[in-house]
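Quick notes on the structure that follows.
The values are calculated or read from the model by the stated rules, or taken from the named source; none is laboratory data. Computed from a predicted structure; not experimentally measured. Here the Cβ positions follow ideal geometry from the backbone for every residue, glycine too, while neighbour counts run over all protein chains shown.
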Amino acid sequence: MIVLLGLLWPALLGVLLARSLGRGLPAPMQVFLSLPLGLGAISCSLFVQLETGLPALVFELLVALAAGAVCWRVGTPPCVKPAIKGSLDIWIGVGLAVTLAASLYRFRIVIFEAPQGAWDAWQIWNMHARFLATPYWRDMFSSEIPWTHGDYPLLLPGSIARLWSLTGRQDLDASHLVAFLFTFATIGLLGSAVSALKGRAQGMLAALFLAATPFFIVQGASQCADIPLSFFLLAVVALAAFEEGVLLAGLCAAMAAWTKNEGLLLVAVVAPIRTLALCLSRGVRGASAPTVRFLAGLAPLLAIVLFMRFALAPPNDHIGGRPLAALVSQATDFQRWKLVLLAVPRGIRRLGGLPVGVPVLLLIYGVLAGLEAKCDRLTLWTGSATLAALLAGYCVVCVVQPRDIYWQIDTALYRLLMQLWPAAIFLVFIAVRPLRPTA
């Protein structure tokens, strides 16, 4: 397909970004990080072009030259070697291969049945891509069409529209391919990160848990932004375990904010949580260098996100533009809180789309494996606090939003939980003992 040729350029950009900003990270992690980073880069370049008139290719070439210069001057240190294969790895690998094949088939069926994507895909994300591909792209922010949510960030539609400009044709192949890449790159990033830290068997088993979550595959094929957001959230949490990944963690946090409004909440909670955790474990002096590197990765793209959000986008219809009295009234409504707080554990228990919720199966596995005494506690507690803060924030927004609370829970709960699910699997595998000692 022509769209595959158009994908070569963002793939190159992503490889250069992953290798220059993530020097020393395991090679498989760099591979799975590269394409989502490249798609994020071309979506930013398209927005810069639309706003300034500077051709997107100029911005992309500057990024490529800068990243390439870093790779050439500094070089790449040796990556972490994976654990030696054993019989257990082979059996888990076979199970993972079968599960991935079934997931690919399921993904294809969902795309075939709904080529335009789910309701939110064609009403918001793919609609925004069509706006960005025209000279009338600013009409996307008009209050005359509030159902398209003009305040939503532009990574997903921007990457699709930029692929259209690279290939010279507007078709559904671009949105299908972007959805596919984010879905299976998330599985790959999870498996490769756990493999580097806990051994190959654990990495493949973690990837199997995610690939075996039917709703994750269906949500990925829906062409909405929840799975791309879950990728960047997983990247932020996982990269915290690698000293070499601090810059990339900051960039991925900014890309999460460029993907969905929930990403702005991630930026708001992860920076202070990381800083506080580092100060408690290393002291203020020891925390300063990684904090500066994280903010350096975060700041450039976050500036673009905030410009779009405050200079162009309309107020958010959940909170923005509403009287304070209305927000306070709903925030203090005990019945709304009761409904939400009862729905969350029920949703977690049923999450996944299997007869038994996949989190229940993961919990059973964690109990059987047992906690590891020497696990990376800094990564574990930082990641857990981040997910807890995000979940609390989601609950607050659900309570104060103006729509019918029952409808909001029914339509949004599983999508919101799925955003957190890959990172949650990563944290469980960080905490528990490996199936066997790694080589």
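Only one of (1) at pLDDT below 90; (2) not in a loop (DSSP other than H, G, I, E, B) is not met by VAL48, so which one is it? Answer for VAL48: the failing condition is (1). The sole residue among THR186, THR213 that is closer than 30 Å to ASP120 by Cβ, among the hydroxyl-bearing types (Ser, Thr, Tyr), crowded, with 24+ Cβ neighbours inside 10 Å and within 11 Å of the chain's Cα centre (by Cα) is THR186. Scan segment 225-234 and give yes if some residue there is over 16 Å from ALA179 (Cβ atoms) and not acidic (Asp, Glu), otherwise no. Within segment 225-234 (the criterion being over 16 Å from ALA179 (Cβ atoms) and not acidic (Asp, Glu)), the answer is yes, since at least one residue qualifies.
Residues are listed down the side, and each one gets a yes or a no for (1) under 15 Å from VAL305 (Cβ atoms); (2) outside any loop (DSSP other than H, G, I, E, B):
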| position | (1), (2) |
| --- | --- |
| PRO135 | no, no |
| MET140 | no, yes |
| TYR152 | yes, no |
| PRO157 | yes, yes |
| ALA161 | no, yes |
| LEU166 | no, yes |
| ARG169 | no, no |
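Residues that are closer than 23 Å to TRP258 by Cβ and either in contact with a Gly (Cβ under 9 Å, 6 or more places away or on another chain) or not in a helix (DSSP H, G or I) (or both): does segment 99-118 have at least one?
yes
Within segment 314-328, does at least one residue satisfy the condition of being modelled with pLDDT of 85 or more, surrounded by 14 or more Cβ atoms within 10 Å (Cβ to Cβ) and not polar (S, T, N, Q)? For segment 314-328, residues modelled with pLDDT of 85 or more, surrounded by 14 or more Cβ atoms within 10 Å (Cβ to Cβ) and not polar (S, T, N, Q): present.
For segment 292-306, which positions are surrounded by fewer than 19 Cβ atoms within 10 Å (Cβ to Cβ) and under 17 Å from GLU243 (Cα atoms)? Steps first, answer last, please.
Narrowing segment 292-306 to residues surrounded by fewer than 19 Cβ atoms within 10 Å (Cβ to Cβ): 292-293, 295-296, 299-300, 303, 306.
Matches in segment 292-306: VAL292, ARG293, LEU295, ALA296.
Scanning segment 345-390 for residues that are more than 21 Å from PHE242 (Cβ to Cβ), hydrophobic (A, V, I, L, M, F, W, C) and surrounded by 17 or more Cβ atoms within 10 Å (Cβ to Cβ) gives ILE348, LEU351, VAL358, LEU362, ALA369, ALA389, LEU390. Restricting the first member to segment 391-420 and to residues that are in contact (Cβ under 8 Å) with a residue 12 or more places away in the chain, and the second to residues that are in a helix (DSSP H, G or I) and loosely packed, with under 15 Cβ neighbours inside 10 Å, the beta-carbon pairs closer than 6 Å and six or more apart or on different chains are VAL400/ALA331. The set of residues from segment 258-279 being among the hydroxyl-bearing types (Ser, Thr, Tyr) and outside any helix (DSSP H, G or I) comprises just one member, THR259. Quick check: anything in segment 133-151 aliphatic (A, V, I, L, M), closer than 19 Å to ALA41 by Cα, more than 19 Å from the chain's Cα centre (by Cα) and buried (at least 16 other Cβ atoms within 10 Å of the Cβ)? Among the residues of segment 133-151, at least one is aliphatic (A, V, I, L, M), closer than 19 Å to ALA41 by Cα, more than 19 Å from the chain's Cα centre (by Cα) and buried (at least 16 other Cβ atoms within 10 Å of the Cβ), which makes the answer yes.
Residue-by-condition table, conditions (1) of a type outside the set (Phe, Trp, Tyr); (2) over 19 Å from THR386 (Cα atoms); (3) surrounded by 19 or more Cβ atoms within 10 Å (Cβ to Cβ):
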residue	(1), (2), (3)
ASP226	yes, no, yes
ALA271	yes, no, no
LEU276	yes, no, no
PHE310	no, yes, no
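Listed by position, the helices (runs of 4 or more DSSP H) enclosed by segment 318-434 that each have at least 2 residues that are of a type in the set (A, V, I, L, M) and farther than 30 Å from ARG274 by Cβ are 324-331, 334-350, 358-369, 405-431. Among the residues making up segment 7-34, those that are surrounded by fewer than 19 Cβ atoms within 10 Å (Cβ to Cβ) and free of Cβ contacts under 8 Å to residues at least 40 places away in the same chain are LEU8, ALA11. No other residue among THR167, THR186, THR99, THR134 is over 22 Å from PHE231 (Cα atoms), in contact with a helix residue (DSSP H, G or I) (Cβ under 7 Å, 6 or more places away or on another chain) and among the hydroxyl-bearing types (Ser, Thr, Tyr) apart from THR167.
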